[in-house]
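The values are calculated or read from the model by the stated rules, or taken from the named source; none is laboratory data. Here the structure is a predicted model, which means the values were calculated and not measured. FYI the Cβ positions are ideal-geometry reconstructions off the backbone, even for glycines, and counts take in every protein chain you see. Protein only, heavy atoms only, side chains kept; ligands, DNA and RNA dropped before computing areas. Shrake-Rupley method; radii C 1.70, N 1.55, O 1.52, S 1.80 Å.
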Amino acid sequence: MAADEALESRSDTMAHPQQQRIGEMLVAAGKLAARDLEHALAAQTEMQDLLGRILVRLGLLAESDLAQVLARQLDVPLATAGAFPEDLLPVDGLAPEYLRMHRLLPLAVEDGILRIAMATPQDPFLVKAVRLASGLKVAPALGLESEIDAALERYFEEPDNDEAASEHPRDAGDSEFVEHLRDLATEAPVIRLVNQIIGRVVDLRASDIHLEPFEDTLQVRYRIDGVLRNDAPVAIDMAAAVTSRIKLMAHLNIAERRLPQDGRIKTRIKGREIDLRVSTLPTVHGESVVIRVLDRASVRIELEKMGFASDILTRFRDLLARPHGILLVTGPTGSGKTTTLYASLTKLDSAALKIVTVEDPVEYQLGGINQVQVQSQIGLDFAQSLRSILRQDPDVIMIGEMRDGETAQIAVQSALTGHLVLSTLHTNTAAGAVVRLVDMGIERYLITSTLNGVLSQRLVRRLCPDCREAVDLDAAQASAAGLARFLGRDGGRIFRAAGCPACKHTGYLGRTSIHELLPIDDAMVNAILEGEDATALHALARRRGMRTLFEDGLRKVAEGVTSLEEVARVTQDQQDE
């Protein structure tokens, strides 16, 4: 009874602390500058999180330094990784999912008392929940979030088979190196450096961050408007710590450096919610890391604002308004296909239609639309998801990508049974999509029965409006460049890139899209049934008035939107057509 009262008293104290505030204690201990505390308190209003977590996230404080002071403030012991049991201590009532969700790690059970490491032992409701679930008295200790996460991951990871274990034994030296990496990754300088690297994406308008290890440096590059740009490299002795920090943030296994891994980070940068998709790839000099930036605030999901020519937009809307059939958007990776599909879905009446998507991953969440996340690790792939979706009585189905023949077959069957199917495909031209479907095992008569149209697109950089330079072309120059039909017989004025501080001296600011739209009319149906190849289908479409990607790009050059050099760079494979 006395132990119960002591534990309840401690929980009450943590719920209503009378002691010195944690920020003041950190300043008094010399762990934090007063000015940094002011910045963190200002950020706390916006980020709505515990002050300690914000200090660590901003790189102002090492997680270990915070833990030492916080344990003293809460009057609880500090449990480090060295005190964690080698194997998980099973406790009735505490499921693995619950331990992971709340960052709990049982340490020992003695005389009916559960000693447990917690990331937030100051939470009296969590302490009480553990007591009720386990039926034991609870003695909380403070544990570092990163160490608890790593230990739980180690406890619950799939065991290697004997052959793999014998080929790649985990010896004591390897374990010590991993712990050393973990320590480095939680130090303030490394945290601050990683935060700086990630934080620059907003100012640079970057879509990706590339961290590439070489023999003597870790190269940092940002993809801005589709083009990679080098940034200040990281010293090679910091490379492993920086990579480990990013893997910890993405909840990846830092001990696994032999296999590729994928993860996700949700963060807030300068007041904006940012999702980061993290991919690691082992190379000869270490792990290459690519971070894909998904910024909800910057995505355009309105067709009218995506660079469509008015005639192409009108015809695309007509195809979108059909009650059934397949509408494809094609292009290489990073050409904005998924964004175009999202914008298309927003034009549909989700109040009157049942719209279901299956994506890998779900990049942006749309109101009124049922979005399914593919999870291949549990067998929920595109094909399996589509079979289940059809039992949900949908009107419109969006498939993130047709990757295989099975998915394509189900899409065709869906279109034949009265559904509108939207999807993407990796081909260079609109006509190439037809041949790709044939290669995937779809009969030509089924293609002509279900395919409504194909939109091919690319992204081109917009000229910076502050520094673009005018260039006057005479009739011969305009004709040679293919611009005569857009500028007029006597030539005219176009613009080229220059460079200024506003566009970071690139001459370009933002991107827009260029398109070619291939509707499947009677002439195209006959050509497909006769077995024509992609070249013949493309030539037929041009004769019937289809504007190619290159021609649509030239139109934007004539309008002063982009430069001739940019269109040539993006459509090199189409200029001779």
(request) Could you run through the range 299-345 and say how many residues are hydrophobic (A, V, I, L, M, F, W, C) and either part of a loop (DSSP other than H, G, I, E, B) or open to solvent by 40 Å² or more (accessible area, probe 1.4 Å) (or both)? (result) 6
(request) Select from the range 427-457 the residues that are more than 18 Å from PRO519 (Cα to Cα) and not small (Gly, Ala, Ser) and list them in ascending order. (result) ASP439, MET440, ILE442, GLU443
(message) Looking at LEU366, LEU353, LEU348, can you tell me which residue is more than 25 Å from the chain's Cα centre (by Cα) and open to solvent by less than 40 Å² (accessible area, probe 1.4 Å)?
(response) LEU348
(message) Among the numbered criteria (1) of a type in the set (S, T, N, Q); (2) open to solvent by 50 Å² or more (accessible area, probe 1.4 Å); (3) in contact with a Leu (Cβ under 6 Å, 6 or more places away or on another chain), which one does SER288 miss?
(response) (2)
(request) Just need a number here: residues in the range 68-123 that are open to solvent by 40 Å² or more (accessible area, probe 1.4 Å), part of a strand (DSSP E or B) and either touching a Cys at 6+ places or on another chain (Cβ under 6 Å) or not aliphatic (A, V, I, L, M) (or both). (result) 2
(request) Just one of (1) farther than 27 Å from THR571 by Cβ; (2) free of Cβ contacts under 8 Å to residues at least 24 places away in the same chain trips up LEU420, so point out which. (result) (2)
(request) Only residues that are within 19 Å of VAL362 (Cα to Cα) and open to solvent by less than 40 Å² (accessible area, probe 1.4 Å): list them for the range 242-268, please. (result) ALA250, GLN261, GLY263, ILE265, THR267
(message) For the range 429-474: of the residues being surrounded by 17 or more Cβ atoms within 10 Å (Cβ to Cβ), closer than 30 Å to ILE494 by Cβ and of a type in the set (A, V, I, L, M), which is modelled with the lowest pLDDT?
(response) LEU473
(request) Restrict the check to the range 476-486 and report whether at least one residue is within 15 Å of VAL557 (Cβ to Cβ), crowded, with 17+ Cβ neighbours inside 10 Å and within 36 Å of the chain's Cα centre (by Cα). (result) no
(request) Restricting attention to the range 236-282, report how many residues are touching a Leu at 6+ places or on another chain (Cβ under 9 Å) and assigned to a strand (DSSP E or B). (result) 14
(message) Would you confirm, using the coordinates I've provided, whether ASP171 is out of contact with any Pro (no Cβ under 6 Å at 6 or more places or on another chain), open to solvent by 20 Å² or more (accessible area, probe 1.4 Å), more than 27 Å from VAL290 (Cα to Cα) and at pLDDT below 75?
(response) yes
(request) Would you confirm whether any residue within the range 54-63 is farther than 15 Å from GLU147 by Cα, free of Cβ contacts under 8 Å to residues at least 40 places away in the same chain and of a type in the set (A, V, I, L, M)? (result) yes
(message) Return the residues of the range 132-158 that are more than 30 Å from GLU256 (Cβ to Cβ), crowded, with 20+ Cβ neighbours inside 10 Å and either of a type outside the set (A, V, I, L, M, F, W, C) or free of Cβ contacts under 8 Å to residues at least 40 places away in the same chain (or both); say none if nothing qualifies.
(response) PRO140
(request) Please verify whether the range 387-398 includes one or more residues that are farther than 16 Å from GLN371 by Cα and crowded, with 17+ Cβ neighbours inside 10 Å. (result) no
(request) May I ask you to say which residue of PRO361, PRO282 is within 29 Å of PRO260 (Cβ to Cβ), without any contact (Cβ under 8 Å) to a residue 40 or more places away in the chain and either in contact with a Lys or Arg (Cβ under 8 Å, 6 or more places away or on another chain) or open to solvent by less than 40 Å² (accessible area, probe 1.4 Å) (or both)? (result) PRO282
(message) I'd like to check something: does the range 302-322 contain any residue that is of a type in the set (Val, Ile, Thr) and within 27 Å of VAL434 (Cα to Cα)?
(response) yes
(request) Pull up the range 487-498, narrow it to residues that are of a type outside the set (Lys, Arg) and at pLDDT 90 or above, then point me to the one that is least open to solvent (accessible area, probe 1.4 Å). (result) ILE494
